[in-house]
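Structure first, commentary second.
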Amino acid sequence: MAAVNVKIPDFMGQWPYEKQLNTHYETAKAASRDWLHSFGLFEGKPHDAFDRSDFQRLAMLSYLQMNLEQARVGCELMILFYAFDEYTDVENGTGAKRIADLVMDAVEHPEKPRPAGEIPLGELTRQFWSHALPNASPLAQRHFIQTLRDYAYGCVLQAEDRAADRIRSIDDYWKAIYMHPLLVKLRELTMQSVVAINDVLSYNVERLRGHELHNLITVVMHEKMLGLPDAVAWIGTLHESLVAEFITCREEVKNMRQEWGGDVSHQVDRYVDGLGEWARGNYYWHFESERYFGSGGPRVQEEGEVMMLPPAVRNGGGWDEGRDSEALVAREIFAVTEPAGLQITIKSF
């Protein structure tokens, strides 16, 4: 099956937030980059992949109100997620749980030295949380730890799904990502928007890494019996409804300002704006870094279309032959520079 051109949905056409970049981007990026490299987590191509992916830009496109100290912590959080994903993406459920356990131990006991011989991710996590604590209220700390726990052990479920070649239903797919008790509707809608955008724009990279079973495109194709272009169009329609519901809920929150009072209302406004800014920043980062489209991100964004690899054929739960040819097709798709996200895995083809 040949690769096909797919129209990218107009994800941000009606989103009620404009693109901005935190003014501390360059300084916070440099400091956090040096911090990561001091741990020696990755060598060679993985370091290059991280630098080109520019996760700090994702943070600074999203955390607009942060001062320099907070901006650096925001960049470190993106680094933690990147490092956690790189470690768990190659593990089965047991290995992923072991890594999730050490990450949670590091944030729950930041005063405790990490054990000798532990992978550097434990100390990286401990230092990040130590940097974050002065800027986090006790309530924010509890919320973060709970959300990180849900995310970390959600990745364990993803590793189990990957090992079992399990494709979840659309409803189960959302639940696997949102395993936290904070069912505030605006947050749920924002996270669904972020996931829908990421899964469409990252599909080629996930496809080449063998991770596309845990991608919304695959889930929709499987459950709705659709081809790849129609599945992307279905997600685009779904996203339009998410945006409309987000706008409606946002207006309902504004109507409650008088009931909440000035200080609470202000905090709620900042929270809601933060959600909207995160979704907007996430969208632009996919095109402005080199993680998913190599050097062709601006072109893909302008044209609104991308060539996508066809779904993989699996034989008895394993890959079909032909991964070398897929890598060649991928390089044609991504033109001048392959995505940074492939740097780590292209050697396995």
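Laid out as a table, the results:
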| quantity | calculated |
| --- | --- |
| Sole exception among (1) crowded, with 18+ Cβ neighbours inside 10 Å; (2) within 24 Å of Tyr153 (Cβ to Cβ); (3) over 17 Å from the mean Cα position of the chain (by Cα) for Asp101, by number | (1) |
| Among (1) more than 17 Å from the chain's Cα centre (by Cα); (2) in contact (Cβ under 8 Å) with a residue 60 or more places away in the chain - the single one Arg33 does not satisfy | (2) |
| Residue in region 94-107 that is more than 29 Å from Asp161 (Cα to Cα) and either in contact (Cβ under 8 Å) with a residue 60 or more places away in the chain or not in a helix (DSSP H, G or I) (or both) present | no |
| From Val336, Val300, residue being β-branched (Val, Ile, Thr) and at pLDDT 50 or above | Val300 |
| Number of positions in region 144-196 that are open to solvent by 30 Å² or more (accessible area, probe 1.4 Å), out of contact with any Gly (no Cβ under 7 Å at 6 or more places or on another chain), modelled with pLDDT of 70 or more and part of a helix (DSSP H, G or I) | 16 |
| Enumeration of residues in region 201-218 that are at pLDDT below 85, within 15 Å of the chain's Cα centre (by Cα) and part of a loop (DSSP other than H, G, I, E, B) | His211 |
| Inter-residue pairs, beta-carbon under 7 Å, first at positive phi and in region 271-284, second modelled with pLDDT under 90, 6+ apart | none |
| Subset of region 104-119 [surrounded by 15 or more Cβ atoms within 10 Å (Cβ to Cβ) and more than 19 Å from Tyr153 (Cβ to Cβ)] | Pro110, Arg114 |
| Phe81 vs. criteria among the aromatic types (Phe, Trp, Tyr) and open to solvent by less than 40 Å² (accessible area, probe 1.4 Å) | no |
| Single residue of Glu118, Glu86 found to be in contact (Cβ under 8 Å) with a residue 40 or more places away in the chain and under 20 Å from Gly40 (Cβ atoms) | Glu86 |
| Single residue of region 22-46 satisfying the filter (in a loop (DSSP other than H, G, I, E, B) and surrounded by 15 or more Cβ atoms within 10 Å (Cβ to Cβ)) that is modelled with the lowest pLDDT | Phe42 |
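The values are calculated or read from the model by the stated rules, or taken from the named source; none is laboratory data. Just so it is clear, the structure is predicted and the values come from calculations on it, not from any experiment. A quick note on method: Cβ atoms are made from the backbone with ideal geometry, for glycine too, and the neighbour counts reach across all protein chains shown. The area values use the complete protein model at the heavy-atom level, side chains included, leaving out ligands, DNA and RNA. Shrake-Rupley method; radii C 1.70, N 1.55, O 1.52, S 1.80 Å.
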